[in-house]
Structure formats: C-alpha cells, structure tokens
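Read the structure below first, then the notes.
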Amino acid sequence: MYYCKNCGLQIAEHDIDLKTAIGRCTSCCAVASFREHPNFRGRVFTDQENYEHKDSFELTRTDEKIRMKVPMPSSITVEKLGRPLRITRKWFNYSYIFMAFACIYWDGSLIYLYYYALTSFSKYPVESTIMLLFPLIHVAIGVGFTYYTLAGLFNKTFIDVTDYEVSISHAPLPWPGAQKINSAQLKQLYCQEHISTNRRGTKRMYSVNAILKGDNIRVTLLSGLNKPEQAFFVEQEVEKYLDIPDSHVPGEMRPIED
C-alpha cells in the first residue's frame, strides 16, 4: 500500500506513475516520489526515464521544511540574460499533431463546400445561397479550432523576471493571459490543480498563481499547464530569483513535506 507523505492517507495505485514512481495524493494534492517503496526499491530506471524526470524530485532540507527541488522539465528552458531571468515553455505536445490532421479534414471539407457553392451560384442561386449561409457556425468552429492548434504547435510562453517586474507573454501567435506584475508586489507563489470530467474521462490541468501584498489579491500567472512539474518548476525558479520564502497556501498543490 502507498501512503501520502504529507497527510498520511492511502494513495490508490492508479495515482502512482509506475514508470517514474511519482505519486499524487487526491486528498491534499501533494506530489511525492515513491522510489524507496518496496515495490520500486532496487529497480533500475531506463535512461529515457531518468532523462525525462532527472531521477524524479530531489528532496532538500530548509530551515522551515523539507522542500522538493524540482528538476527542469524537458519542455522548459531557462536563460539568464545578465541579471534578468527568462523561463521559456514550449506548448507543443504530440496531441497537436492529431489535432492538425483533424483541422485539415474539417477545413478542407468546408473549402470544398464553398467552392462548389460559388461555382454553382449562377445555375442554382437559391441552393447555393443556402450552402453558403448554412455552415457559418462550422466555419467559426473551424477557425477557432485551427487557431488553437496552430498556437499549440508553435507558441511558447515567456516568463521574464527582473528585480522590478514579472512579465508573462505568448508568441508568435497572440494569446490571452499576457500580463506584467511589479516584482515587489509578489508575496507568495503557489500551484493549483484543476480537474474537469466529461464523457471522455478526467482531465487535469495545472496553474501557477500569486498572492499580492496588501490586500492579498490572488492572480493567475500561468494556466493550462499539462504537467505538475512544469508548474512546480516555474514557482520554484521565480521564488528563488526574487528571494521569496516558500510558505504553505491553503488549497495549493505542492511537492513538499512539512
């Protein structure tokens, strides 16, 4: 049996990644490594697994708590441009390739339909007009779906951190969520998990949020992250750069043990 190292409750086996020995507690949202568990102890992990997870989360002790030092995920790069820090996250994953083929089929069908309607307009004006107007909703869906797919294929998120400002931007395609926050206003960063369920199953996404000084206003810095280690790493690097002591936030997802 597996038990959460944070709250002590039992963790179901399906919440343990058997390839990496990383588990997530559905009760308190803590994430921890179970490589020392009897089921994993002595196992030799493949080079690919060690590359992707950098030997999982490394525990390091601080004066206040044991905090997991989160390794840099493969989808993230870090640059230090002198004193400023830039964290870059690629959006791409292989699901966008499947979506690209779906866009080609959807958009291609609409293009053929409109081509047929326009070339037949002189002979069948009424029928052609109906064919031009009827699929307008499908056109709107196609445009939105195609833009979303292109953004997933090519976009990157840039987190630029200086002593004065934290800037979030997305490029090359414009995307909501760009913002700038005064670094001195940042009191604490924390991560959250967002779960949605539909007929296809359960989907988990992750976000990096901040609490601002003064009125303790909470703002979302990054959202739509598909892996928890991406959120943990961004929180870790920004807090380290700005020298923000890590503190527990109620409801947060965190790779730490008190």
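Output the peptides 224-232, 115-123 sorted from most to least packed, where packing is the average of other Cβ atoms within 10 Å over each peptide's residues. List each step's numbers first, then the result.
On the way: 224-232: 21.7, 115-123: 11.9.
In descending order of packing, they fall as 224-232, 115-123.
Pairs of alpha-carbon atoms within less than 8 angstrom and 6+ residues apart define the contacts here; what relative contact order does region 191-245 have, in percent?
Values: 73 pairs, mean separation 15.6, N = 55.
Reported as a whole number, the value is 28 percent.
Taking the Cβ of each residue in 18, 222, 110 as the centre, tally the other Cβ atoms inside 10 Å and list the residues starting with the fewest. Before the final figure, lay out the partial values.
Details: 18 13, 222 21, 110 17.
The fewest-first ordering by Cβ neighbours comes to 18, 110, 222.
All of the numbers you see were taken from the coordinates with simple rules; none came from a lab. Fair warning: this is a prediction, and the values are worked out from it, not measured in the lab. Cβ sites come from the backbone with ideal geometry, for glycine too, and all protein chains shown count toward neighbours.
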